[in-house]
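Structure first, then comments.
The values are calculated or read from the model by the stated rules, or taken from the named source; none is laboratory data. Since we're looking at a predicted model, the values are computed, not measured. With ideal geometry, Cβ positions are generated from the backbone for all residues, glycine too; neighbour counts draw on all protein chains shown.
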Amino acid sequence: MNSIRARLIIALTILVALVSALAATVTYQRVLHETSILFDYQLRQMALSLRNQVSLAPRIEVPADQGDADFVVQIWDSFGTRMYLSRPGLPMINQTVLGFADLSVQGEAWRAYGLQTADGVIQIAQPVRVRGTLARGAAERVIVPLLLLLPLMLMAVAWTVRRGLGPLQRLASEVQRRDARSLKPVVSEDLPIEIRPLADELNRLLLRLQAAFAAQRTFISDAAHELRSPLTALRLQMQLLDRAPDEAARLEARARLGDAVARAIHLAEQLLALARSDPQEAVGQVEAIDLSAVAVEGVADCHALAVTRQVELNLESSPTVRIAGEEESIRILIRNLVDNAVRYTPSGGRVQVRCAQTSGGALLEVRDTGPGIPAADRKRVFDRFYRHAQGHESGSGLGLAIVKAIAERHRAQIDLADAPGGGLQVSVRFPRSP
Amino acid sequence: MRVLLIEDDEMIASGLQTGLRQAGYAADWMRDGRSATAALQSTTYDVVLLDLGLPQRHGLEILRELRRGGNSTPVIIVTARDERENRIAGLDAGADDYIVKPFDLDELMARVRSVLRRAAGRGDPRITHGDLCLDPATRTVEQRGIPVRLSAHEYSVLEALLQRPGTVLSRAQLEDRLYGWDEPIGSNAVEVYVHSLRRKLGSELIKTMRGVGYFVPKP
């Protein structure tokens with residue numbers, strides 16, 4: 001049974017029973033031992049006192065037995081004739097041993113003491129049963145209060161446990177009141193120290209959840225607002241197409257409508273890429289991949305744009321550069337970096353992509369001859385929907401956020417720096433593949 | 001009518017500019033806060049379309065500065081931010097109207113006409129002058145109830161002159177109303193339009209003040 005209360009009660013009952021049994025046994029043994037010593041002493045003292053009387057007056061009248069005394073006194077003369085027997089009705093003890101002896105008479109155990117005198121032998125005997133009865137009595141007196149105490153103890157346990165578990169119940173009902181909208185921490189100050197770690201951990205979890213939910217809400221709100229721009233452009237161009245006064249205007253509106261659609265599609269794709277590259281998500285198909293081969297594909301994806309914008313784009317790479325990762329994600333990372341570099345580089349400029357094996361792992365470097373990013377803005381450029389102050393490009397504002405998310409997933413480190421000779425240099429360092 | 005378009009998104013701005021020009025407005029486009037402020041200082045506009053999320057300077061800052069400087073040019077905020085607080089902040093900063101992206105071009109044009117009307121202190125959307133009646137919404141003109149066909153530029157010149165009868169407008173002022181900065185201006189275009197307006201509507205309507213410009217006398 002998985003109940004703290006039941007377990008405590010069972011354990012306590014067993015414990016009290018064991019303690020009672022042990023106490024009773026020990027008491028019985030000790031009392032038996034002590035009464036034995038005491039009674040033995042008594043036997044001997046009686047024998048000695050009788051010897052003095054008998055030697056002074058051999059014919060002395062030994063007082064008649066009262067009938068219920070435990071002791072049996074016998075006196076023999078030096079010829080072995082029994083001169084005195086205190087309780088004639090009892091079975092005869094027809095033997096005598098000097099000193100202490102355990103005798104058995106008709107199935108009953110006796111303890112006897114024999115004493116040699118000048119005229120004969122005096123024997124005092126007592127049934128052993130008397131000693132046992134005394135010891136049992138003492139043991140009972142110990143065990144009974146303990147047993148009487150048991151129900152009281154059980155009640156006390158039940159009460160203490162219920163009181164002790166009260167804070168847990170309160171905590172449970174507090175947690176029950178939490179949901180996605182109210183994730184405020186539970187009160188943990190007045191909780192017992194045994195439960196507080198649980199509440200503290202719970203609070204930390206709630207805070208993390210709160211942050212995650214807030215980030216999610218912000219992202220959705222931002223994404224919705226960002227979607228409005230391409231949609232506005234779409235709607236505008238559609239209406240302009242409708243009302244174009246002549247063929248030339250119609251053709252232009254048509255072309256711009258196509259651009260607006262492409263832009264909306266691009267934003268949707270980037271949003272999807274960002275959602276898929278969430279660092280919280282488990283990494284999918286991790287395999288040993290050749291970074292240089294993926295870089296060739298990623299750079300090729302941006303070739304057309306570079307030609308249109310008259311930017312020289314080239315790739316310099318070692319034959320094979322091994323990293324562990326998801327091929328598709330890495331390709332998206334490279335494409336976003338190169339696409340960004342090409343877009344921000346004025347025509348006639350140059351974008352260089354380099355990838356190499358290093359001692360610590362692998363390095364991907366994208367260097368352009370564009371305006372660069374001021375050091376103060378370098379942290380913020382990875383924010384979602386962040387755009388350059390001078391940005392004349394209507395990108396999604398998600399490119400670098402995607403790059404960052406993918407890099408985090410691959411435990412890669414990104415650094416932004418001024419390229420030698422102006423422009424931006426982005427370095428992505430991948431850890432050594434295992 | 002000259003419109004200043006302050007918008008950082010090229011696609012939206014170029015679409016709006018085309019739409020405005022097709023409707024007969026001269027439209028200048030500024031893509032960031034700094035050049036927008038400069039344009040507002042150097043040129044008189046009839047209406048400003050203002051996006052809020054601008055690089056360098058926030059749209060509201062531009063608006064507040066404009067109003068603090070005593071400029072009461074009608075401003076319509078055109079933005080993707082539709083939260084109540086944003087609308088309140090925008091209107092309280094001095095905007096005359098607020099429209100949320102993605103907007104309908106016809107609705108935006110109607111709002112432009114509406115703020116222009118209010119700026120001119122008229123309630124009736126139509127402009128009447130003697131036997132003439134202009135409808136800015138449809139950009140049509142009637143004389144004694146009979147429609148008169150005017151080109152877009154002819155209409156713009158007539159509208160400019162009729163908005164403040166008695167005020168003399170120079171040739172340069174009229175050109176400002178007709179062309180954005182990046183549009184080519186014909187050498188004596190204004191004279192050509194005035195001439196054809198006189199031909200279509202009667203020679204008594206538009207008077208010339210020699211060496212100064214043109215005006216329509218108060219009725």
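Within region B:101-114, which residues are within 20 Å of the chain's Cα centre (by Cα) and touching a residue at least 12 places away in the same chain (Cβ under 8 Å)?
Our first condition is that a residue be within 20 Å of the chain's Cα centre (by Cα); within region B:101-114, this holds for B:103-114.
Listed by number, the residues that qualify are B:103, B:105, B:108, B:109, B:110, B:111, B:112, B:113, B:114.
Can you tell which of A:236, A:231, A:251 is facing chain B (nearest Cβ under 7 Å) and either surrounded by fewer than 15 Cβ atoms within 10 Å (Cβ to Cβ) or in contact with a Gly (Cβ under 6 Å, 6 or more places away or on another chain) (or both)? Break it down into steps so the answer makes sense when it comes.
Values: A:231 fails: either surrounded by fewer than 15 Cβ atoms within 10 Å (Cβ to Cβ) or in contact with a Gly (Cβ under 6 Å, 6 or more places away or on another chain) (or both); A:251 fails: facing chain B (nearest Cβ under 7 Å).
From the options A:236, A:231, A:251, the qualifying one is A:236.
Please state which of the following conditions residue A:356 fails to meet, knowing it meets all the rest: (1) small (Gly, Ala, Ser); (2) within 30 Å of residue A:230 (Cα to Cα); (3) touching a Leu at 6+ places or on another chain (Cβ under 6 Å).
(2)
With (1) surrounded by 15 or more Cβ atoms within 10 Å (Cβ to Cβ); (2) without any contact (Cβ under 8 Å) to a residue 24 or more places away in the chain as the list, and residue B:185 as the residue in question, which single condition is left unmet?
Among (1) surrounded by 15 or more Cβ atoms within 10 Å (Cβ to Cβ); (2) without any contact (Cβ under 8 Å) to a residue 24 or more places away in the chain, residue B:185 violates only (1).
Just to check your reading of the model, which residue among A:242, A:259 is within 14 Å of chain B (Cβ to nearest Cβ), of a type in the set (D, E, K, R) and closer than 30 Å to residue A:349 by Cβ? First the steps, then the outcome.
Values: A:242 fails: closer than 30 Å to residue A:349 by Cβ.
Within the list A:242, A:259, the selection yields A:259.
Within region B:141-205, considering only helices (runs of 4 or more DSSP H) that don't extend past its boundaries, which have at least 2 residues that are polar (S, T, N, Q)?
On the way: elements: B:152-163, B:171-178, B:189-201.
The helices (runs of 4 or more DSSP H) meeting that bar are B:152-163.
When region B:151-182 is examined, which residues are found to be charged (D, E, K, R), surrounded by 19 or more Cβ atoms within 10 Å (Cβ to Cβ) and at pLDDT 85 or above? Please lay out each step first, then the result.
Residues of region B:151-182 charged (D, E, K, R): B:154, B:159, B:164, B:171, B:175-177, B:182.
Checking which are surrounded by 19 or more Cβ atoms within 10 Å (Cβ to Cβ) leaves us with B:154, B:159, B:176-177.
Across region B:151-182, the qualifying residues are B:154, B:159.
Restricting to region A:163-190, give me the number of residues that are in a loop (DSSP other than H, G, I, E, B) and in contact with a Pro (Cβ under 9 Å, 6 or more places away or on another chain).
Of the residues in region A:163-190, the ones in a loop (DSSP other than H, G, I, E, B) are A:177-190.
Narrowing further to those that are in contact with a Pro (Cβ under 9 Å, 6 or more places away or on another chain): A:190.
Looking only at that region, the number is 1.
Is it true that residue B:117 is more than 14 Å from chain A (Cβ to nearest Cβ), free of Cβ contacts under 8 Å to residues at least 40 places away in the same chain and within 28 Å of residue B:15 (Cβ to Cβ)?
Details: more than 14 Å from chain A (Cβ to nearest Cβ): yes; free of Cβ contacts under 8 Å to residues at least 40 places away in the same chain: yes; within 28 Å of residue B:15 (Cβ to Cβ): yes.
Here the answer is yes, as residue B:117 does meet what is asked.
Exactly one condition in (1) in contact with a Lys or Arg (Cβ under 8 Å, 6 or more places away or on another chain); (2) away from chain A (no Cβ under 14 Å); (3) among the charged types (D, E, K, R) is not met by residue B:104; state its number.
(2)
Where in region B:1-85 are there helices (runs of 4 or more DSSP H), lying fully within it, with 2 or more residues that are away from chain A (no Cβ under 14 Å)? Full working, then the answer.
Numbers: elements: B:10-22, B:33-42, B:59-68.
Qualifying helices (runs of 4 or more DSSP H): B:33-42, B:59-68.
Being hydroxyl-bearing (Ser, Thr, Tyr) and either at pLDDT 80 or above or over 30 Å from residue B:82 (Cβ atoms) (or both) narrows it down to one of A:182, A:229, so name that one. Before the answer, list the steps.
Working: A:182 fails: either at pLDDT 80 or above or over 30 Å from residue B:82 (Cβ atoms) (or both).
The conditions single out A:229.
Kindly list, by first and then second residue, each pair from a residue in region B:129-155 that is without any contact (Cβ under 8 Å) to a residue 24 or more places away in the chain and more than 14 Å from residue B:193 (Cα to Cα) to a residue that is surrounded by fewer than 18 Cβ atoms within 10 Å (Cβ to Cβ) and among the polar types (S, T, N, Q), limited to pairs with Cβ atoms under 7 Å and residues at least 6 apart or on different chains.
Taking only residues 6 or more apart or on different chains, the pairs are B:131/B:143; B:147/B:140.
Those residues that are more than 26 Å from residue A:31 (Cβ to Cβ) and surrounded by fewer than 12 Cβ atoms within 10 Å (Cβ to Cβ), I need them from region A:135-160; list them, please. Give the steps one after another, and end with the answer.
Restricting attention to region A:135-160, the residues satisfying the condition of being more than 26 Å from residue A:31 (Cβ to Cβ) are A:151-152, A:154-160.
Scanning region A:135-160 gives A:151, A:152, A:155, A:159.
Look through region A:262-282, keep the residues that are more than 14 Å from chain B (Cβ to nearest Cβ) and charged (D, E, K, R), and return whichever of them is nearest to residue B:103 (Cα to Cα). Step through it out loud before you land on a result.
Taking region A:262-282 first, the residues more than 14 Å from chain B (Cβ to nearest Cβ) are A:268-282.
Going one step further and asking which of them are charged (D, E, K, R), we end up with A:269, A:276, A:278, A:281.
Values: A:269: 24, A:276: 31, A:278: 33, A:281: 37 Å.
Of everything passing the filter in region A:262-282, A:269 is nearest to residue B:103 (Cα to Cα).
Given the options A:215, A:180, name the one that is in contact (Cβ under 8 Å) with a residue 12 or more places away in the chain, exposed (fewer than 12 other Cβ atoms within 10 Å of the Cβ) and not acidic (Asp, Glu). Walk me through it before giving the result.
Values: A:215 fails: in contact (Cβ under 8 Å) with a residue 12 or more places away in the chain.
Just a single option satisfies the conditions, and that option is A:180.
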